[in-house]
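Student: I have a structure I would like to understand better, so I am pasting it below and will then ask my questions one at a time.
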């Protein structure tokens, strides 16, 4: 089922940007969107925050999430690491295609959608990750909807460019 945001979702998301600390905004964002995301087939949603000085295997640390904890820290070899490094939305239709590099926090997960969280200078501070028990649950359109939500919540920068494209046309990799 495609991810669609109702006006009430957008109002809750806009209020997320009111928190001053990034972890407060992340928590508010996940709480605001979880009902919509779970209804669209997501089994888990959350943020991983980058720790650039840590060894690669410990770079991404679990932040705000619903409905349960997940692996932490995770390295840069999985879908989240790939998204962080490329600063591109990553749609994984079947996680089996990722091979040995896939980080399986829940063995029932079959698809994934990961979005970069960017600072104004274009560097990534973390990622927003969705998992589903269904193969092919997420699409490029879902990525665009969630990108807009992240911008609205002040969790990724708007108005910057990379990969030769404006933010409104953020690069999406589909696997």
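Student: For the range 9-20, what are the residues that are within 17 Å of residue 128 (Cβ to Cβ) and at pLDDT 80 or above?
Tutor: 9, 10, 12, 13, 14 - these are the residues of the range 9-20 that are within 17 Å of residue 128 (Cβ to Cβ) and at pLDDT 80 or above.
Student: May I pose another question? State all residues of the range 96-136 that are out of contact with any helix residue (DSSP H, G or I) (no Cβ under 8 Å at 6 or more places or on another chain) and either farther than 23 Å from residue 72 by Cβ or in a helix (DSSP H, G or I) (or both); if no residue qualifies, say none.
Tutor: Listed by number, the residues that qualify are 96, 97, 99, 100, 101, 120, 121, 122, 134, 135, 136.
Student: Just for the range 137-169: of the residues that are part of a loop (DSSP other than H, G, I, E, B) and in contact with a strand residue (DSSP E or B) (Cβ under 6 Å, 6 or more places away or on another chain), which one is modelled with the lowest pLDDT?
Tutor: Our first condition is that a residue be part of a loop (DSSP other than H, G, I, E, B); within the range 137-169, this holds for 137-139, 153-160, 163-164.
Still in the list and also in contact with a strand residue (DSSP E or B) (Cβ under 6 Å, 6 or more places away or on another chain): 137-138, 155-157.
Working: 137: 96, 138: 95, 155: 91, 156: 89, 157: 84.
Among those that are part of a loop (DSSP other than H, G, I, E, B) and in contact with a strand residue (DSSP E or B) (Cβ under 6 Å, 6 or more places away or on another chain), it is 157.
Student: Another question, if that's okay. Out of (1) touching a residue at least 12 places away in the same chain (Cβ under 8 Å); (2) touching a strand residue (DSSP E or B) at 6+ places or on another chain (Cβ under 8 Å), what's the single condition that is false for residue 102?
Tutor: Tallying (1) touching a residue at least 12 places away in the same chain (Cβ under 8 Å); (2) touching a strand residue (DSSP E or B) at 6+ places or on another chain (Cβ under 8 Å), residue 102 fails exactly one: (2).
Student: Is it the case that the range 60-67 has a residue that's modelled with pLDDT under 90, outside any strand (DSSP E or B) and within 20 Å of residue 9 (Cβ to Cβ)?
Tutor: Initial filter on the range 60-67 (modelled with pLDDT under 90): none.
Looking through the range 60-67, none of the residues is modelled with pLDDT under 90, outside any strand (DSSP E or B) and within 20 Å of residue 9 (Cβ to Cβ).
Student: I need a count of the residues in the range 1-50 that are touching a strand residue (DSSP E or B) at 6+ places or on another chain (Cβ under 6 Å) and either outside any helix (DSSP H, G or I) or at positive phi (or both). Give the derivation first.
Tutor: From the range 1-50, those touching a strand residue (DSSP E or B) at 6+ places or on another chain (Cβ under 6 Å) are 26-27, 30, 34, 37, 41-50; that's our starting set.
With either outside any helix (DSSP H, G or I) or at positive phi (or both) added as a condition, the list becomes 41-50.
Looking only at that region, the number is 10.
Student: Additional query: Evaluate the range 15-31: report whether one residue or more is within 16 Å of the chain's Cα centre (by Cα), surrounded by fewer than 19 Cβ atoms within 10 Å (Cβ to Cβ) and in contact (Cβ under 8 Å) with a residue 40 or more places away in the chain.
Tutor: Yes, some residue in the range 15-31 is within 16 Å of the chain's Cα centre (by Cα), surrounded by fewer than 19 Cβ atoms within 10 Å (Cβ to Cβ) and in contact (Cβ under 8 Å) with a residue 40 or more places away in the chain.
Rundown of residues vs (1) surrounded by fewer than 20 Cβ atoms within 10 Å (Cβ to Cβ); (2) over 29 Å from residue 8 (Cα atoms); (3) modelled with pLDDT of 95 or more, yes/no style:
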{"position": "41", "(1), (2), (3)": "yes, no, yes"}
{"position": "86", "(1), (2), (3)": "yes, yes, no"}
{"position": "91", "(1), (2), (3)": "no, no, no"}
{"position": "98", "(1), (2), (3)": "yes, yes, no"}
{"position": "110", "(1), (2), (3)": "yes, yes, no"}
{"position": "128", "(1), (2), (3)": "no, no, yes"}
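Student: Please specify each residue of the range 49-59 satisfying the condition of being modelled with pLDDT under 95 and buried (at least 18 other Cβ atoms within 10 Å of the Cβ).
Tutor: The answer is 59, and nothing else.
The values are calculated or read from the model by the stated rules, or taken from the named source; none is laboratory data. Keep in mind the model is a prediction, meaning the values are calculated, not measured. For neighbour counting, all protein chains shown are included, and Cβ atoms are generated from backbone atoms with ideal geometry for every residue, glycine included.
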